[in-house]
Every structure is written in C-alpha cells, then in structure tokens.
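S.K.: Have a look at this one.
Here, each number is a calculation from the coordinates, and none is a lab measurement. None of the values given here were measured: they were computed from a predicted structure. Don't worry about glycine lacking a Cβ; one is built from the backbone with ideal geometry, like all the others, and counts go over all protein chains shown.
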Amino acid sequence: MAKGELSLKEGVEKIEETTVATVAGLCAMEEGGAIGAAALSCFGPIGTAVGGFIGGTVGYIAGSKVGEIIVKGAQKLRNVAVKTVKTITSGAVSVVKSVASGVACIAKGFASIFF
C-alpha cells in the first residue's frame, strides 16, 4: 500500500489473509508437532524431536493454507453482500424519488385547481 502497488482495500484484504493464515498455521503447527512427536517417539528422543519438527512444519503449512482459503471465501461473501446492499439501496432511492416525484405532481395538480 505504501508503494502504491495495492489499493487500500486490496492492502487491508492482504493483511487480513496474512493474519488469519498465520494464526491458523500456528494453531495447526502445535497440533501437528504433537502428533509427529508421538508418531516417531518409538525412535527415542531424536525421533520425538524429528517427528515434532516434521509434524509442526506440515501442520503449519496445512493450517495456513486452510486459513487463507477461509478468508478468501469470507471476502468473496462480503463483496457480494456489499454489492447486494448497494443494489437494494439504489433501488430504494429510485423508488423514493419516484414517489416524491408523484407526490409533487399531485400537489401541483391540486395547486392548479385551487389557485
């Protein structure tokens, strides 16, 4: 955003994606590390360490990807909702203008009768 390569909206969406992906990755990394450590614990302390590292790495990658997918889906839903609200608002404004125009026309008609 600072370099002008992204608009404000794009920048905020990218920050949102990065934050959620990182948090999801860290959460999954913890679980993956525990699973990997348990799986290779039969090879002693070295197996536990290696299993924890591998499991944590795989967990982080998987979790961050899932987090990224979830955020992108939420962003798409939000964009559709914003467009829908804009369309509804635009339609409502159009109806109000039409009603106001009709009321003004009726008022002019009554005014021409009495004045």
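S.K.: Ignoring everything except DSSP H segments at least 4 long, calculate the 222 nm mean residue ellipticity for the chain; use -39,500 (n - 2.57) per segment, divide by total residues, nearest 500. Write down the numbers at each step before the final one.
M.R.: On the way: 2 runs with 103 residues, N = 115.
Roughly -33500 deg cm²/dmol at 222 nm, from the helical runs in the chain.
S.K.: Now a separate question. What order do you get for Met29, Met1 when you list them from fewest to most C-beta neighbours inside 10 Å? If you can, show how the numbers build up before the last one.
M.R.: On the way: Met29 20, Met1 13.
Ranked by crowding around the Cβ, least crowded first: Met1, Met29.
S.K.: Ok, one more. So how far apart, in nm, are the two label points at Ala39 and Lys108 if each is 7 Å from Cα heading toward Cβ?
M.R.: Between Ala39 and Lys108, the simple spin-label model gives 7.8 nm.
S.K.: Compute the acute angle (0 to 90°) between the alpha-carbon long axis of helix 8-39 and the principal axis of greatest extent of the alpha-carbon atoms of the chain; round to the nearest 10°.
M.R.: For 8-39 against the chain, the angle is about 30 degrees.
S.K.: So if R0 is 25 Å, what FRET efficiency would Lys83 and Glu16 give, r being the distance between their Cβ atoms, rounded to the nearest 0.05? Walk me through the numbers before you get to the answer.
M.R.: On the way: r = 19 Å, r/R0 = 0.75.
For R0 = 25 Å, the calculated efficiency reads 0.85.
S.K.: On to the next question. Lysine pairs in the chain with alpha-carbon atoms under 15 Å apart, 8 or more places apart or on different chains: how many are there?
M.R.: Working: Lys3/Lys14; Lys9/Lys72; Lys9/Lys76; Lys9/Lys83; Lys14/Lys65; Lys14/Lys72; Lys14/Lys76.
Taking the chain as the scope, the lysine pair count is 7.
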